[in-house]
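Here's the structure, in structure tokens; my notes come after.
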Amino acid sequence: MTNLVFAPIPQQMRFADDDFTLTPGLIAVNASQPWALNFTARQLQKTVAETMGVHLDIVAGNPAPDQARIILNVAVGASRHPQGYDLAIDSSGVNIVASSPAGLFYGVQTLRQLLTQTGAKLPGLRISDWPDFPNRGVMLDISRDRVPTQETLYDLIDMLAALKINQFQLYTEHTFAYRNHQVVWEQASPMTGEEILALDAYCQERFIELVPNQNTFGHMGRWLKHEPYAHLAEMQGPWITPWGETRTEPFTIAPTDESLALIRELLSELLPHFSSRQVNVDADETFDLGQGASKERVEKEGVGRVYLDFLLKIYREVTARNHTMQFWGDIIVQHPDLVPELPRDAIALEWGYEANHAFDEHGAIFAASGVPFYVCPGTSSWRTLAGRTDNALGNLRNAAENGLKHGAIGYLNTDWGDNGHWQPLPVSYLGFLAGAAESWSHEASADLDYPAALDKFIFRDEAGVMGRLVYDLGNAYQLLDPDSFNSSLFFNVLQQDADKLAATGVGPSPGFSRERCNQALAAIGDITRTLPEAQMQREDADLLKREFSWVAGMLWHACRRIVWVNSIHAGEEDVELRRTLAQEIDELIRAYRELWRARSRPGGLADSVARMEKLRAEYED
């Protein structure tokens, strides 16, 4: 049975000679609180029925040996890790033993993956398994225009739970429907309190902690642009980013008592909707801090001190509500002398999204100070259209390796939506799978066949097409510029003004335009040629095909746009190509609107599409 695939790969596994054939009988739940395992047992019952047509009744206790086919055991201290389990298959049946209901749930997920590959005849098998990281999370950005429908979130939770993820966050700036702040969210189709309550219950049943998330310091522009909150901004008017760009829109909330009063109100309303006793207050990228309202204080005390003082005020608001504060560590790590002043009951989130990010260096800073921390890599899907497969796998593995090295208590895989959140959600599935695998069993994940695992457990493609297609399409960024930071050249040329691109041309040489782009067009065509052959056993199979067809269309469009821009740079505009691009973008926009509505709420669509409509205006001008 060496052709079996598991994701995550179990820590220890060996096969035996005595196999077992499932026949009608019982699933026995042997635990002091069997009702806590009801969902787990029913999920297993459904998988058995769907994969092999065998019905197993669910009972509690210890039935006669000739009646029980699968026994689910929970006993304190029965596994080496609180979330671990032992799974044994021999001629007498299937036994899963765990120390906790969560551990048993994870054992059942492994068994379900096995059942989808073997049918009723199960191989003799011994698995002893446990997670490398106790906290294994995913954070989904819902503040860059795209807010998923409730059904989309339920489907995603099911996928993540099956991959043994146990924490989930929705990154929020302005997309929770605060009762007294309608002007901020009224165009965004936000999450309501009722929806959060329902999502929290859905997560709990699957042993996932839904952690509240609300930015409270940087990234507050969606609030500060409105008149009732404008006076709270650090800067009103031009300010300079750390990389020298001038911006005019407000961004960071000023570290004042009045700002703190707003944060206090938001936390008081938001937190009761979650069963979690943690909250991520973000507080990242406070780029303009010290350029406006706090300038005089920063000049006297330093920007790190001013930042930390306000963060500690937020911390006190969080602890007053009996919660643990999570926060992004990007600002404080720039001031290592201040890190020891962080509370030891707050959790720093060390993030970075390139394969070579300094998880080792930064992890050492937090570890030396005794501050608990998570490592936070990403799916590399945003600002790319198709993803960056090799970068994502390198980034996710780097985070796991150095997180374990320095004693990180968690692993939070992030999925962002910068600049309009153009990438469809399924582009991130590979990154979700890889992050789950790395955070559960880092060492074993080096051997994981990601295309095969995607086919079996994510796309459920009997033709074995989608896994390789998605993997390779995610590497298309290397066809043009493998070194684009936190983005791909495909995406960047679609987001930047044509006149600015034409001023310098795109690429390192004149030949880049025709030669490299034609090679990329051919390669993308070869990668997607098999898309119609996919046989996905999913209700959204047709939607998935249309989403990846649209992604390929956008990549093609980007290649031709490069050729057109470079023709302008050379002083000989290809007018006929411009007309072709105008026709293409109309069709791509039409398809994008349809695809958006299939998984996302209407709020934010107009803002996201506006970035594409700028392209149309350029072609028509």
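The values are calculated or read from the model by the stated rules, or taken from the named source; none is laboratory data. None of these values were measured; they are calculated from a predicted model. Cβ placement follows ideal geometry from the backbone for every residue including glycine, while neighbour counts extend to all protein chains displayed.
Determine, yes or no, whether ARG560 is more than 25 Å from GLY394 (Cβ to Cβ) and modelled with pLDDT of 95 or more. In short, yes. Among residues that are buried (at least 22 other Cβ atoms within 10 Å of the Cβ) and assigned to a helix (DSSP H, G or I), LEU140 is not included. Tell me, yes or no, whether the stretch 51-62 has at least one residue that is within 33 Å of the chain's Cα centre (by Cα), assigned by TED's automatic domain parsing to the domain that holds ARG112 and under 24 Å from ALA16 (Cβ atoms). There is at least one residue in the stretch 51-62 that is within 33 Å of the chain's Cα centre (by Cα), assigned by TED's automatic domain parsing to the domain that holds ARG112 and under 24 Å from ALA16 (Cβ atoms).
From the list ALA364, ALA348, ALA386, the one residue that fits, being within 17 Å of the chain's Cα centre (by Cα) and at pLDDT 95 or above, is ALA386.
Give the residue that is surrounded by the most Cβ atoms within 10 Å (Cβ to Cβ), with candidates limited to residues of the stretch 251-267 that are assigned to a loop (DSSP other than H, G, I, E, B) and touching a Phe, Trp or Tyr at 6+ places or on another chain (Cβ under 7 Å). Filtering the stretch 251-267 for residues that are assigned to a loop (DSSP other than H, G, I, E, B) and touching a Phe, Trp or Tyr at 6+ places or on another chain (Cβ under 7 Å), the one surrounded by the most Cβ atoms within 10 Å (Cβ to Cβ) comes out as THR252.
Could you check, for the stretch 497-513, whether at least one of its residues is in contact with a helix residue (DSSP H, G or I) (Cβ under 7 Å, 6 or more places away or on another chain) and within 21 Å of GLY394 (Cα to Cα)? The answer is no, given that none of the residues of the stretch 497-513 is in contact with a helix residue (DSSP H, G or I) (Cβ under 7 Å, 6 or more places away or on another chain) and within 21 Å of GLY394 (Cα to Cα).
Applying a threshold of 6 Å to beta carbon distances and a minimum spacing of six or more residues, or different chains, the list of pairs starting in the stretch 601-621 at a residue that is free of Cβ contacts under 8 Å to residues at least 60 places away in the same chain and crowded, with 17+ Cβ neighbours inside 10 Å and ending at one that is not in a loop (DSSP other than H, G, I, E, B) and not hydrophobic (A, V, I, L, M, F, W, C) reads TYR619/ARG578. Candidates are the residues of the stretch 571-586 that are touching a residue at least 24 places away in the same chain (Cβ under 8 Å) and of a type in the set (Asp, Glu); the one that is farthest from SER513 (Cα to Cα) is ASP586. Within the stretch 508-519, can one find any residue that is closer than 21 Å to TRP382 by Cα and of a type in the set (A, V, I, L, M, F, W, C)? So far as the stretch 508-519 goes, no, none of its residues is closer than 21 Å to TRP382 by Cα and of a type in the set (A, V, I, L, M, F, W, C). How many residues are under 15 Å from GLN214 (Cα atoms) and in contact with a Leu (Cβ under 6 Å, 6 or more places away or on another chain) if we restrict to the stretch 327-348? Qualifying residue count for the region: 1. With respect to (1) at pLDDT below 95; (2) not in a loop (DSSP other than H, G, I, E, B), the lone exception for GLN236 is condition (2). Residue under question is GLN67, and the condition is that it be buried (at least 16 other Cβ atoms within 10 Å of the Cβ) and either more than 28 Å from HIS442 (Cα to Cα) or touching a residue at least 60 places away in the same chain (Cβ under 8 Å) (or both); does it hold? When the stated conditions are applied, GLN67 does not pass them. Is it true that ALA7 is within 17 Å of LEU114 (Cα to Cα), surrounded by fewer than 20 Cβ atoms within 10 Å (Cβ to Cβ) and of a type in the set (Gly, Ala, Ser)? It is false that ALA7 is within 17 Å of LEU114 (Cα to Cα), surrounded by fewer than 20 Cβ atoms within 10 Å (Cβ to Cβ) and of a type in the set (Gly, Ala, Ser).
Would you check if there is a residue in the stretch 276-293 being within 30 Å of CYS203 (Cα to Cα), assigned to a helix (DSSP H, G or I), touching a Phe, Trp or Tyr at 6+ places or on another chain (Cβ under 7 Å) and not acidic (Asp, Glu)? Checked against the condition, which is being within 30 Å of CYS203 (Cα to Cα), assigned to a helix (DSSP H, G or I), touching a Phe, Trp or Tyr at 6+ places or on another chain (Cβ under 7 Å) and not acidic (Asp, Glu), the stretch 276-293 yields no hits at all. Evaluate the following for ALA28: is it crowded, with 16+ Cβ neighbours inside 10 Å, aliphatic (A, V, I, L, M) and touching a Pro at 6+ places or on another chain (Cβ under 7 Å)? Yes; evaluated as a whole, the condition is true for this residue. LEU270 satisfies every condition listed in (1) outside any strand (DSSP E or B); (2) over 24 Å from LEU312 (Cα atoms) except (2). Across the stretch 31-40, the number of residues qualifying as surrounded by fewer than 23 Cβ atoms within 10 Å (Cβ to Cβ) and under 23 Å from ASP66 (Cα atoms) comes to 4. Has the stretch 97-115 got at least one residue that is among the aliphatic types (A, V, I, L, M), outside the structural domain of ALA444 (by TED's automatic domain parsing) and touching a Gly at 6+ places or on another chain (Cβ under 7 Å)? Yes; the residues of the stretch 97-115 include at least one that is among the aliphatic types (A, V, I, L, M), outside the structural domain of ALA444 (by TED's automatic domain parsing) and touching a Gly at 6+ places or on another chain (Cβ under 7 Å).
Restricting ARG546, ARG516, ARG538 to residues that are surrounded by 14 or more Cβ atoms within 10 Å (Cβ to Cβ), outside any helix (DSSP H, G or I) and of a type in the set (Lys, Arg) narrows the list to ARG538.
When residues in the stretch 233-250 are screened for being surrounded by fewer than 22 Cβ atoms within 10 Å (Cβ to Cβ) and closer than 24 Å to ARG316 by Cα, 0 of them pass. One residue alone among MET554, MET536 is in contact (Cβ under 8 Å) with a residue 24 or more places away in the chain, closer than 17 Å to ARG146 by Cβ and among the hydrophobic types (A, V, I, L, M, F, W, C), and that residue is MET554. In contact with a Lys or Arg (Cβ under 9 Å, 6 or more places away or on another chain) and of a type in the set (A, V, I, L, M), is that true of ALA444? Taking the combined requirement at face value, the residue does not satisfy it. Considering only the stretch 485-519, state which residues are within 20 Å of PRO424 (Cβ to Cβ) and either without any contact (Cβ under 8 Å) to a residue 40 or more places away in the chain or not aromatic (Phe, Trp, Tyr) (or both). ASN486, SER487, SER488, LEU489, ASN492, VAL493, LEU494, GLN495 - these are the residues of the stretch 485-519 that are within 20 Å of PRO424 (Cβ to Cβ) and either without any contact (Cβ under 8 Å) to a residue 40 or more places away in the chain or not aromatic (Phe, Trp, Tyr) (or both). Of all the numbered requirements in (1) touching a Ser or Thr at 6+ places or on another chain (Cβ under 7 Å); (2) not in a helix (DSSP H, G or I), GLY244 misses one, and that requirement is (1).
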